[in-house]
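In what follows, a structure is listed as structure tokens, so that the remarks can point back to it.
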4 protein chains.
Amino acid sequence: MERHPARVVAFSDAVIAIAVTLLVLEIRPPQDTRHLFHGLVTLWPSYLAYVVTFMLVGQVWANHHVMFDQIRTADRTVLFLNTVLLMDIAFLPFAASVLAGAFRDGHGQRTAVILHGIAFELAALLFNAIWQYVRRHHRLLVATIDPAGVKAISRRFRLALTWIAVGTLLGALLPPLGMAVIAAFIPFYWLPIRGEIARAQPRRDEGGPA
Amino acid sequence: MERHPARVVAFSDAVIAIAVTLLVLEIRPPQDTRHLFHGLVTLWPSYLAYVVTFMLVGQVWANHHVMFDQIRTADRTVLFLNTVLLMDIAFLPFAASVLAGAFRDGHGQRTAVILHGIAFELAALLFNAIWQYVRRHHRLLVATIDPAGVKAISRRFRLALTWIAVGTLLGALLPPLGMAVIAAFIPFYWLPIRGEIARAQPRRDEGGPA
Amino acid sequence: MERHPARVVAFSDAVIAIAVTLLVLEIRPPQDTRHLFHGLVTLWPSYLAYVVTFMLVGQVWANHHVMFDQIRTADRTVLFLNTVLLMDIAFLPFAASVLAGAFRDGHGQRTAVILHGIAFELAALLFNAIWQYVRRHHRLLVATIDPAGVKAISRRFRLALTWIAVGTLLGALLPPLGMAVIAAFIPFYWLPIRGEIARAQPRRDEGGPA
Amino acid sequence: MERHPARVVAFSDAVIAIAVTLLVLEIRPPQDTRHLFHGLVTLWPSYLAYVVTFMLVGQVWANHHVMFDQIRTADRTVLFLNTVLLMDIAFLPFAASVLAGAFRDGHGQRTAVILHGIAFELAALLFNAIWQYVRRHHRLLVATIDPAGVKAISRRFRLALTWIAVGTLLGALLPPLGMAVIAAFIPFYWLPIRGEIARAQPRRDEGGPA
């Protein structure tokens, strides 16, 4: 039941790509084309939910590769946790739709922000669970990763866990603030974080940086 | 018309990934955002149908790889049966939606559980048909599999056939019991089953366990 | 602008896989769960449209590989025609939905069968156009194909063109007959056709039959 | 955080393939099957939006490969810009749906053409941004591209930027004219453009033209 990660990654990529592209189906074109511009403007919560969710899933995708680049073989536990992770990611179009609806109607933002935050928090939890598991089972890791690389990835995943948790809790008090905190994770992510990748050697089938 | 299984597997993976991700479209966000929390709670049958169907399709995906890892070449019959299998898998979002609707409304659970069960039973039937076919046509199997490995996979696929059949029949009597039996197949699956994989050598392009 | 066919085939596979999996979204679960069994039964035209369209697209997928296995490089014209082909295939969920609706309501079957037939006829036309084009530009073909192999594929694609045309025309007179003729192409397809594959050597990156 | 472009391209291909195939979901089958032919005919703006958007995305796909064929490694900035590009492409089914609705109802065409144009203009902008970025960071480019090849791609991407901008601005004055100009980019694209590809050597894993 152990699997080379290439297949798992390809399947995961497909699910992530589909989930992220389905987000657009939750934005319904305005029915009243007589005031189309106005109708499009009132959809702003849908655009916002779309952008925040899409960009966060973009990070999930990148992190999924960062993690699986260091996994030499996926055993039953990794496969199981990864399936639960995919199930959570595939659920995000629903969470994004609920979020947009709540901000559009002006009701239920608290509930919607918590639902959306929990979906991402669960993803962060599963990332941490998978990583801690392979960390404890050295044979599942590639040989080229050193303790510093392992720690750097652990730090990155714990940070996501904390950041999303804080955002979700703040969202339970003040929904727009919670969303702002979670959205702030996007620009933060794209700032360089030292350590994990520079040290971790790319796999032979990856090519990687020169 | 014979095909290297890599292409067939890639196409099958895509269909499975899409089918499983489309499941979320069947969960409609509550219209009434004034009582959003309540509205989200009443959707519990949708979440349940989502989780059970997603996790079962996860097993279908894993088993599909277990089987095609042992197939050296896919002839016309294998291609045909596999196409029917994909057609059945792609139908599952409909079955899951019917299931959720029935439990939400409190009507038609019997019918819905049977429909959902039959869709999975048909998948199990097709797995058994493909495997028995390649078993009888040795040249379609990889050279590295031994009789014990062949038998282990046969046992696994026959077990799924029986398990789902029992769950569906029980569901015809008592729908929640049937669902519970079928859902119980998920944790069972992730317990290690000896034999088939340990013995079957991974294909060269797979890497596989060390 | 010339491309190795591997990328074109991968992209085409993705579009075909998505189109075929979206077919299920056109089958709407019955709203009235009090008479769920009856409601499911009245959806029979949707199931029929689903099965016929899915299996025919399965053939389109197989033929696409048969053709591109023999194409060494895809030039601008091949890329253009292939894009039009994909646009036609991605349109099929709409045609299938119209077909199901007409048979369910008992109105407009003639129009619906013609629409559905034209969509497949256009696909057949594009297959013939691509194949005749690469036939006339030898450098686009792999070196291993011989004139008999080329002819066998030409025959196969012309047959599809004729078969679908006849089915569509008959459907304009008597819709169920037209559908029956088009559906009959499915079992016919899975009977072995001699010549094209046996002679055409598989590409090195394919593995292929032993 | 640097990545071999193969993974990025595969993920991008998946998103593009899904976005383009979801376009069909925006074409709703006529409810009134008693006048099905008439109902299908009145959907012409949907077909038009479908064809124009699909074919333009086909060009986006081809250009994405033209660009990433020359990228040796994708750094953080390229990954970020590419994620924004995918977010924009995944938004196109919404823009196409708004476009079709406006032309069908005879209201809001101006707004709809501008929305549709801006979505493609943003894509063109991101193509230019990515390309100018890798141009200024030589180490991100493959070694085989020469200055003439770099310039040819720059020209091609700048042309798209200008063409779509002109079409969108004209569409703000006269919507059908704007659409015609944008649609005219499709046949133009498929005429051969000298320089960039002939000079740029294909990557080893590409095979490429003989």
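Only the coordinates and a few stated rules stand behind these numbers; no lab work does. What you see is a predicted model, and the numbers here were worked out from it, not measured in a lab. Reconstructed Cβ throughout: ideal geometry from the backbone, glycine too, with neighbour counts over all protein chains shown.
Things to note:
- Exercise: per-residue mean of other protein chain Cβ atoms within 10 Å, B:112-125: 1
- Directionally averaged projected area (convex hull, Cα atoms, the range C:76-146), nm²: 5.7
- The simple spin-label model puts a point 7 Å past each Cα toward its Cβ; for D:Ala143 and A:Ala129 those points are separated by 4.6 nm.
- Cα-centred dipole magnitude for the range A:115-186, charges only on beta-carbon of K, R (+1) and D, E (-1), debye, nearest 20: 320
- Percent of alpha-carbon pairs separated by more than 26 Å within chain B: 39
- Per-residue average of Cβ from other chains inside 10 Å of B:87-100: 5
- Calculated FRET efficiency for the pair C:Ala180/C:Ala6, C-beta based, R₀ 35 Å, to 0.05: 0.35
- Helix-only CD estimate at 222 nm, as mean residue ellipticity for the protein assembly as shown, using -39500 (n - 2.57) per DSSP H run (n ≥ 4): -24000 deg cm²/dmol
- Distance between the pseudo-spin-label points of D:Trp44 and B:Trp44 (7 Å out from Cα toward the beta carbon): 5.4 nm.
- Base-10 log of normalised Debye intensity for the range D:98-190 (one unit scatterer per alpha-carbon) at q = 0.14, 0.19, 0.21, 0.26 Å⁻¹: -0.58, -0.84, -0.95, -1.23
- Teacher prompt: A:Asp146 distances to equivalent labels in other copies, 7 Å Cα→Cβ, nm: 4.2, 4.2, 6.0
- Overall dimensions of the range C:110-162 by Cα: Rg and Dmax, Å: 13.8, 46
- For the protein assembly as shown: rounded, prolate or oblate by the Cα gyration tensor [a/c cutoff 1.5]: rounded
- Taking the range D:5-201 and dividing mean pair separation by its residue count, relative contact order in percent (alpha carbons under 8 Å, at least six apart): 24
- Copies compared at A:Gly106 - label distances in nm, ascending, label defined 7 Å from Cα in the Cβ direction: 3.5, 3.5, 4.9
- Distances between copies of A:Tyr47, taken at a point 7 Å out from Cα along the Cα→Cβ vector and listed shortest first: 3.2, 3.2, 4.6 nm.
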